[in-house]
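Peer 1: One structure, pasted below without further comment.
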Amino acid sequence: MIIRPALKFEADKIAKLMNLAMLEITYQYLGEENIEMANAFLAHFVAQENNQYSYQNIHVAEENNEIIGQISIYDGAKLQELRQPIWDKIKADRDVDYWAENETQAGEMYIDTFAVSLLAQGKGIGKKLLRFAIDEFVINQKKVLGLLVDKDNPAAKRLYEKIGFKVVNDIRIFGKEMEHMQYA
């Protein structure tokens, strides 16, 4: 298995993986529950530059020429400018002024989405993607790495804690109670 930067033409595959982690949020963006529309919505942004879901911010885990995992990371200081294209599309498509709380802030590199293919789960791919992020951003660049974990997902929280993430505060976002965790 290798971990490498995502490529623009992989947007459809990456979007499906991303929706494993954020389908409820994508449905909120769309205003309806339609998996094909949700995948197309994210694929649109993955294939574009300068937004929070852009291929520019994504690394994929690849095995046997198949993408089996993805992790999307960007500078929290750029949240507003990176999410604006998403809000603009929601406004254009649905005439809705969408808004959500800030999920990150200046001072951290933020793991926005992180997912492993259902067929590859339980094989340590997720840990390898997280280790990659820690090596790249914390060890090499001396930055703080942050993420949100759903309070209804204690298994994910245990994984993050086992790797070394610590809870720094609670946040309510997208209608969910989350914990903000960091690795420094």
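The values are calculated or read from the model by the stated rules, or taken from the named source; none is laboratory data. A quick note: this is a predicted structure, and the numbers were derived from the prediction, not measured. Here the Cβ positions follow ideal geometry from the backbone for every residue, glycine too, while neighbour counts run over all protein chains shown.
Peer 1: For TYR53, which of the numbered conditions (1) aromatic (Phe, Trp, Tyr); (2) modelled with pLDDT of 95 or more; (3) surrounded by fewer than 16 Cβ atoms within 10 Å (Cβ to Cβ) fails to hold?
Peer 2: TYR53 satisfies all of (1) aromatic (Phe, Trp, Tyr); (2) modelled with pLDDT of 95 or more; (3) surrounded by fewer than 16 Cβ atoms within 10 Å (Cβ to Cβ) except (3).
Peer 1: Here is a check on your reading of the model: is LEU159 in contact (Cβ under 8 Å) with a residue 12 or more places away in the chain, farther than 21 Å from GLN28 by Cβ and surrounded by 12 or more Cβ atoms within 10 Å (Cβ to Cβ)?
Peer 2: On the way: in contact (Cβ under 8 Å) with a residue 12 or more places away in the chain: yes; farther than 21 Å from GLN28 by Cβ: yes; surrounded by 12 or more Cβ atoms within 10 Å (Cβ to Cβ): yes.
Judged against the criteria, LEU159 is a match.
Peer 1: Testing ASP135 on (1) of a type in the set (Asp, Glu); (2) surrounded by 14 or more Cβ atoms within 10 Å (Cβ to Cβ); (3) not in a strand (DSSP E or B), one condition comes back false. Which one is that?
Peer 2: The number of the failed condition is (2).
Peer 1: Name the single residue, out of those in the stretch 42-53 being touching a residue at least 12 places away in the same chain (Cβ under 8 Å) and under 13 Å from GLU81 (Cβ atoms), that is nearest to the chain's Cα centre (by Cα).
Peer 2: Quick first cut of the stretch 42-53, residues touching a residue at least 12 places away in the same chain (Cβ under 8 Å) only: 42-48, 50-53.
Remaining after also requiring under 13 Å from GLU81 (Cβ atoms): 50-52.
On the way: ASN50: 15, ASN51: 12, GLN52: 8 Å.
The extreme case among them is GLN52.
Peer 1: Scan ASP95, ASP112 and give me the residue that is within 23 Å of GLU32 (Cα to Cα), buried (at least 16 other Cβ atoms within 10 Å of the Cβ) and of a type outside the set (Val, Ile, Thr). So that I can check it myself, show each step before the final result.
Peer 2: On the way: ASP95 fails: buried (at least 16 other Cβ atoms within 10 Å of the Cβ).
Criteria check complete, one pass: ASP112.
Peer 1: Among LEU129, LEU159, LEU147, which is the only one that is in contact with a Gly (Cβ under 8 Å, 6 or more places away or on another chain) and closer than 17 Å to ILE58 by Cβ? Lay out the reasoning, then the answer.
Peer 2: Numbers: LEU159 fails: closer than 17 Å to ILE58 by Cβ; LEU147 fails: in contact with a Gly (Cβ under 8 Å, 6 or more places away or on another chain).
That would be LEU129, the only listed residue that is in contact with a Gly (Cβ under 8 Å, 6 or more places away or on another chain) and closer than 17 Å to ILE58 by Cβ.
Peer 1: Taking the condition buried (at least 19 other Cβ atoms within 10 Å of the Cβ) and closer than 21 Å to LYS123 by Cβ, does LEU17 pass? Spell out how you get there, then give the answer.
Peer 2: Numbers: buried (at least 19 other Cβ atoms within 10 Å of the Cβ): yes; closer than 21 Å to LYS123 by Cβ: yes.
It is true that LEU17 is buried (at least 19 other Cβ atoms within 10 Å of the Cβ) and closer than 21 Å to LYS123 by Cβ.
Peer 1: I would also like to ask the following. Going by the conditions given, is ILE86 β-branched (Val, Ile, Thr), assigned to a helix (DSSP H, G or I), in contact (Cβ under 8 Å) with a residue 24 or more places away in the chain and surrounded by fewer than 19 Cβ atoms within 10 Å (Cβ to Cβ)?
Peer 2: Details: β-branched (Val, Ile, Thr): yes; assigned to a helix (DSSP H, G or I): yes; in contact (Cβ under 8 Å) with a residue 24 or more places away in the chain: yes; surrounded by fewer than 19 Cβ atoms within 10 Å (Cβ to Cβ): no.
Here the answer is no, as ILE86 does not meet what is asked.
Peer 1: Mind listing whichever residues of the stretch 109-131 are in a helix (DSSP H, G or I), in contact (Cβ under 8 Å) with a residue 60 or more places away in the chain and within 10 Å of GLY69 (Cβ to Cβ)?
Peer 2: Filtering the stretch 109-131 for residues in a helix (DSSP H, G or I) gives 118-120, 125-131.
After this cut, where a residue has to be in contact (Cβ under 8 Å) with a residue 60 or more places away in the chain as well, the list is 118, 125, 128-129.
If the condition is that a residue be in a helix (DSSP H, G or I), in contact (Cβ under 8 Å) with a residue 60 or more places away in the chain and within 10 Å of GLY69 (Cβ to Cβ), then ILE125, LYS128, LEU129 are the ones that fit.
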